[in-house]
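Read through the structure below, which is laid out as structure tokens, and then see the notes.
Just so you know, all these numbers are worked out from the coordinates, no wet-lab data involved. Note that the structure is predicted; figures quoted are calculated from it, not measured. Every residue, glycine among them, receives a Cβ derived from its backbone with ideal geometry; neighbour counts consider all protein chains shown.
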Amino acid sequence: MDLTWLSANPGLTLLILLGLAFTLILLSKWIRYIPNNRVGVVEKLISGKGSVKTGLIALGGEAGFQPQLLRGGWHLLTPFQYRIHKMPLVTIPQGKIGYIFARDGKDLPPSQALASNAHGADFQDVVAFIQGGGEKGPQRQILREGIYAINLVQFVVLTEDRLFYLPLDPGELETFQKMSAIITERAGWRPVIIKGTDDAVGIVTVHDGPSLASGEIIASTVGEDPKQVATYHNNFQDADKFLAAGGQRGRQYQVLVEGTYYINRLFATVELIPKTVVEVGTVGVVVSYTGAIGADISGQEYRHGELVTKGSRGVWSEPLLPGKYAFNTYAGKVLMVPTTNFILKWSKGEVGSHKFDENLAEVSLITKDAFEPSLPLSVVVHIDYRKAPLVIQRFGDIKKLVEQTLDPMVSAYFKNIGQTRTLIQLIQDRSAIQEQSGTQMKEKFAQYNLELQEVLIGTPTSGAPGGQIEQILVQLRSRQIADEQVETYGRQQSAAVKERELREAEATAKQQTALTESAISIQVQSNQGKAEYAKAQQQAAQIQTLAGAEAEKVRLMGEGEAKRIKVMAEAQAEQAARVGIAQAMAIEEQVRAYGGPQFQLVQQVMSRFAEAIEKSQVDVVPKIHMGGGDKGGGSLIESLLGLLLSEKAGQLAGVVPTAPNPEAEALKASLRQNLAK
């Protein structure tokens, strides 16, 4: 193309350039380009229908902001009729929440804090929002993660990172900044996440909806009735359904457990509290602050309060057993009651892990002998888990029970005990007092639904070192030491005896060989003696047998001889009778011739005695002679002869002794000499 002629006609050239520029201006007003990452908010400047009469958005084609957006691409518009505001797409990052503020719509009722979205809320369709009854102001519905083409004249979108809106009034910015500050304060840019490791529950407080009835402090649970399934609020994530199901403003009885919840923090806030843990060895007695007023099931005889069923207001009759519970501590209180044995110590400075006895001290006593000791005590108590609600209803908690009831009762009991005993008796009779107190106090503890297991009594003290009690204890210790010394000396003496026996045993062991030989010798001799004894017994038996046979022989011979003599005697009796007189006369003469009748008697006896000795062959003189001294003694035979030869023989025979006869005396001497030989 030859353009040299343009250089030759500068005026024409200028005219062409001006035409091109005007054409471009017209095209720019007629054809608009919107990038794909932005939207165009259309503001209509000229309209035959006039301006918007009410609201902000021109729904009927009036002059003003139009509800429709221009999306990415080229758009043909009437020049000078429209103004296009290019705005970014609304982007909600993953795991974040966006909040909506509507500039146009119905006015909020006085009872609402947030705009209702009960009839649907498509924030990308302005016409549907307004015509569907959408309300202006902060919305109950939130934006989840994603990209949205939203008309930023009708809606203002608040996110953690930026504010999406088309500025209309400089004063609006302050309002939106205050909203952002509230949301930030409530950690509302992120969902509520309750981790399993947190071991927590979420307490929900709703800031919109009808208020609670007078006297109520907790809103009851809604949406769990089978008839209300269609309106269930999905754990407060659907605010409109929650309110439609009868939800009320305020702290909620229902809690949130582990999970992720996308909750509008302008609608409801969530406070995390620890779960209620009932440890092993305890039960949790529930005191409920909410619920219907239930009937008393404690019985007619129990006059210390009422027990109600689970879910009613008051003290629940069934305690919580060991475990973890998602319990709303704003709706009630769980009082832990130990069911294992726990020890209460009346001792200053000693406190159990349960802290029930932290205000207890030793019991001050006055003994019978006017001492004032302090008595430390330990009491082992058990509470039946089924009676735990009764204890809580009666005393409020275990610590009040201990301080207001058990402490004065136990102290008074042992003060009475102390007045009946002296200090030494109090110390020495500790075991008996302990057993007695355990038996007597069980009945008193049972009156308070408690089980007394054991009472343990410590040593009385004066509270100050070196006091009178310590002096008495020193004396008792000295006395005990003296007793122990006596026992020690006695044992030492026994030990000495044992030591001597040990030495003797050792010496015996050393001479054991000789002792064994001597013992064997003794045994041998004993056996020999037994053999000789047995032999002697046999010989004695033999002699006894022979003697018996000989005696029987003599007896038989004697009987025969006696019969023979009797016959001969009878024959000779008459002869003797005849010659008796003659012989008597002769004998009398002979006796008179020999010295008298005494001498005659001796002569006859001695004659017979000699014959008897000769027949029996008995030794006249014994082999063993036992003397009796100078004044007496001799053998039996010698004594007999002496008797016969004495004058007494005559006296025994009835013969009157005559005068001594020299011949008789000579005869006596001759007989003694023969006997001596």
(message) Between residue 451 and residue 540, what is 0.36 nm times their sequence separation minus the Cα-Cα distance? Round to one decimal in nm.
(response) 22.9 nm
(request) Taking the Cα centre of the range 26-188 as origin, sum charge times position over the Cβ atoms of Lys and Arg (+1) and Asp and Glu (-1), and report the length of that vector in debye to the nearest 20. (result) 440 debye
(message) Taking the Cα of residue 128, stepping 7 Å toward and past its beta carbon, and measuring to each backbone N in the range 141-171: which are under 15 Å?
(response) 148-151
(request) Could you go through the range 119-130 in sequence order and give the Karplus-derived ³J(HN,Hα) for each residue, using 6.51 cos²θ - 1.76 cosθ + 1.60 with θ = phi - 60°, rounded to whole Hz, and x for Gly and Pro? (result) 9, x, 8, 8, 5, 8, 10, 5, 4, 5, 5, 6
(request) Compute the FRET efficiency between residue 368 and residue 258 as 1/(1 + (r/R0)^6), taking r as their Cβ-Cβ distance and R0 = 45 Å, and round to the nearest 0.05. (result) 0.10
(message) What is the sum of charges, Lys and Arg at +1 and Asp and Glu at -1, for the other residues whose Cβ falls under 10 Å from the Cβ of residue 346?
(response) -2
(message) Just to be sure I understand the model, the point goes 7 Å from the Cα along the line to the Cβ. What's the resulting residue 166 to residue 568 distance in nm?
(response) 19.6 nm
(message) Between residue 524 and residue 554, what's the calculated FRET efficiency when r is the beta-carbon distance and R0 is 60 Å? Round to 0.05.
(response) 0.85
(message) Calculate the FRET efficiency for residue 149 and residue 54 from the Cβ-Cβ distance with a Förster distance of 35 Å, rounded to the nearest 0.05.
(response) 0.85
(request) Please give the direction-averaged projected area of the C-alpha convex hull for the range 282-461, in square nanometres with one decimal. (result) 11.1 nm²
(request) Could you sort out which of 195/355; 510/530; 368/415 sit more than 22 Å apart by Cα distance in this structure? (result) 195/355; 510/530
(message) Under the rule of at least 5 residues apart or a separate chain, name every residue whose amide H is placed under 5 Å from the amide H of residue 283.
(response) 337, 339
(request) For the range 282-461, give the magnitude of the charge dipole about the Cα centre (Cβ charges: +1 Lys/Arg, -1 Asp/Glu; no others), in debye to the nearest 20. (result) 400 debye
(message) Below 13 angstrom from the Cβ of residue 92, what's the summed charge of the other residues (Lys, Arg +1; Asp, Glu -1)?
(response) +1
(message) For 99, 82, 289, which order do you get if you count the other beta carbons within 10 Å of each Cβ and list the fewest first?
(response) 289, 82, 99
(message) Past 24 Å, Cα to Cα: identify those pairs from 241/333; 324/442; 399/444; 178/241, in the order given.
(response) 241/333; 324/442; 178/241
(request) Report the relative contact order of the range 26-188, percent, no decimals, based on alpha-carbon pairs under 8 angstrom and at least 6 residues apart. (result) 23 percent
(request) Would you mind calculating the gained length between residue 297 and residue 234 on full extension (0.36 nm times residue separation, minus the Cα-Cα distance), in nm to one decimal? (result) 19.1 nm
(message) Could you give the length gained by full extension between residue 30 and residue 279, i.e. 0.36 nm per residue of separation minus their alpha carbon distance, to one decimal place?
(response) 81.9 nm
